[in-house]
1. Kindly indicate the residue of region 167-178 that is hydrophobic (A, V, I, L, M, F, W, C) and not in a loop (DSSP other than H, G, I, E, B) and also surrounded by the fewest Cβ atoms within 10 Å (Cβ to Cβ) among those meeting that condition.
2. Only one of these is over 25 Å from Leu282 (Cβ atoms) and under 15 Å from the mean Cα position of the chain (by Cα): Gly213, Gly138. Name it.
3. Considering only region 131-143, I want to know if a residue exists there that is surrounded by 24 or more Cβ atoms within 10 Å (Cβ to Cβ), part of a helix (DSSP H, G or I) and aliphatic (A, V, I, L, M).
4. Go through region 1-55 and tell me which strands (runs of 3 or more DSSP E), entirely inside it, have 1 or more residues that are open to solvent by 80 Å² or more (accessible area, probe 1.4 Å) and more than 13 Å from Phe75 (Cβ to Cβ).
5. Taking region 182-202 only, how many residues are of a type in the set (Asp, Glu) and either under 17 Å from Gly96 (Cα atoms) or surrounded by fewer than 10 Cβ atoms within 10 Å (Cβ to Cβ) (or both)?
6. Of the residues that make up region 247-255, is at least one open to solvent by less than 70 Å² (accessible area, probe 1.4 Å) and more than 23 Å from Glu108 (Cβ to Cβ)?
7. Here is a list of conditions, (1) of a type in the set (Ser, Thr, Tyr); (2) outside any helix (DSSP H, G or I); (3) open to solvent by less than 40 Å² (accessible area, probe 1.4 Å); (4) more than 15 Å from Asn7 (Cβ to Cβ), and Ser265 meets all of them except one; can you say which number that is?
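The values are calculated or read from the model by the stated rules, or taken from the named source; none is laboratory data. In this text, all values refer to a predicted model and were calculated from it rather than measured experimentally. Note that we place each Cβ from the backbone using ideal geometry, even for glycine, and neighbour counts take in every protein chain shown. In case anyone asks, the SASA skips ligands and DNA or RNA and just uses the protein heavy atoms, side chains included. Shrake-Rupley method; radii C 1.70, N 1.55, O 1.52, S 1.80 Å.
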Amino acid sequence: NVLNNRNIQSVYPPGSVFKLITAIAALEESVVNKNSKIYCPGYFQLGNLSFKCWKEHGHGNQAIIEAIANSCNVFFYTVGQKLGIDKLNYYASLMGFGEKIGIDLPGEQEGLLPSGDWKRKTINEQWYPGDTVNLSIGQGFLLVTPLQIHNMLCLIANEGLYLRLHNVEKIISPSGEVIQEFKPELIKKIDISQDTFRIIKEGMKKVVEGGTGRLANIEEVKIAGKTGTAQNPQGENHAWFIGFAPYDQPEICVTILVENGGDGSAAAAPIAATIIQKYFQLKNNKIVKN
């Protein structure tokens, strides 16, 4: 539907951008620390089920920063399995999934954040360990709006400061007087440690420096990001890239979703790079002119 505002009214599987939530949960619950290594042989065995990594022969030993940079499925399957559905669900809801963000636009969807209870009530089935494995890399029942993903990105950039997302900056009358102005509004501070946010951000910086998001690398400014390629039952994969810049003092957050675009690293990352590059060029020109 062309009249659909896909940012708030369409829902998608987030794919690997959701791995940042699994990483946050794993660090906060001490399932891993910055130095813990998990071995990736290219697959994760759960009973008689085998879950593949996107890299056929595996990534070898990965600590969390490398696992984010390389988007290693096996790392996140392993920690997701250790965390379990309740903890994954808890951190995902803490970061704004499964509910409306409350932007000043009508028709926002709340997506779907699955839980054991939800599956029993809806499908009349118990929650299986394989469901947790799928969820840990952003697949399975989980559905999100691009706005929810953008909100998660802003939360990471702001290290847990939850600011209300706004579309309208101010309302001005025909005669030019400001009727109403919307200032940034801090809703809450999320209970996640600064240490955790710093490790996640370091992983996101490595994504762009030499990981799956290399095509978002630009000379002007250091970008931190995450790619995602989300399996889509209706056709071609959806391509995601999220990123903020500058890495050390974020000013701009960009969320890119290319419907049926295939690979996030190839389709979505270069678009984000172009937008961020343009933002800083315009900003610097403005400064020069003044």
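1. So the first thing to find is which residues in region 167-178 are hydrophobic (A, V, I, L, M, F, W, C), and the list is 168, 171-172, 178.
So of that shortlist, the ones also not in a loop (DSSP other than H, G, I, E, B) come out as 171-172, 178.
On the way: Ile171: 11, Ile172: 12, Val178: 9.
Here the residue is Val178.
2. Working: Gly213 fails: over 25 Å from Leu282 (Cβ atoms).
Only one candidate qualifies: Gly138.
3. yes
4. Values: elements: 38-40, 43-46, 49-52.
Correct list: 43-46, 49-52.
5. In the first step, residues of region 182-202 are kept if they are of a type in the set (Asp, Glu); the result is 185, 191, 195, 202.
From what is left, the residues that are either under 17 Å from Gly96 (Cα atoms) or surrounded by fewer than 10 Cβ atoms within 10 Å (Cβ to Cβ) (or both) are 185, 191.
Looking only at that region, the number is 2.
6. Pass one, region 247-255, residues open to solvent by less than 70 Å² (accessible area, probe 1.4 Å): 247, 250, 252-255.
Within this subset, residues satisfying the condition of being more than 23 Å from Glu108 (Cβ to Cβ) are 247, 250.
Yes, region 247-255 contains a residue that is open to solvent by less than 70 Å² (accessible area, probe 1.4 Å) and more than 23 Å from Glu108 (Cβ to Cβ).
7. Condition (2) is where Ser265 drops out.
Residue-by-condition table, conditions (1) open to solvent by 30 Å² or more (accessible area, probe 1.4 Å); (2) not in a loop (DSSP other than H, G, I, E, B):
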residue: Gln180; (1), (2): yes, yes
residue: Met204; (1), (2): no, yes
residue: Thr229; (1), (2): yes, yes
residue: Gln234; (1), (2): yes, no
residue: Ala239; (1), (2): no, yes
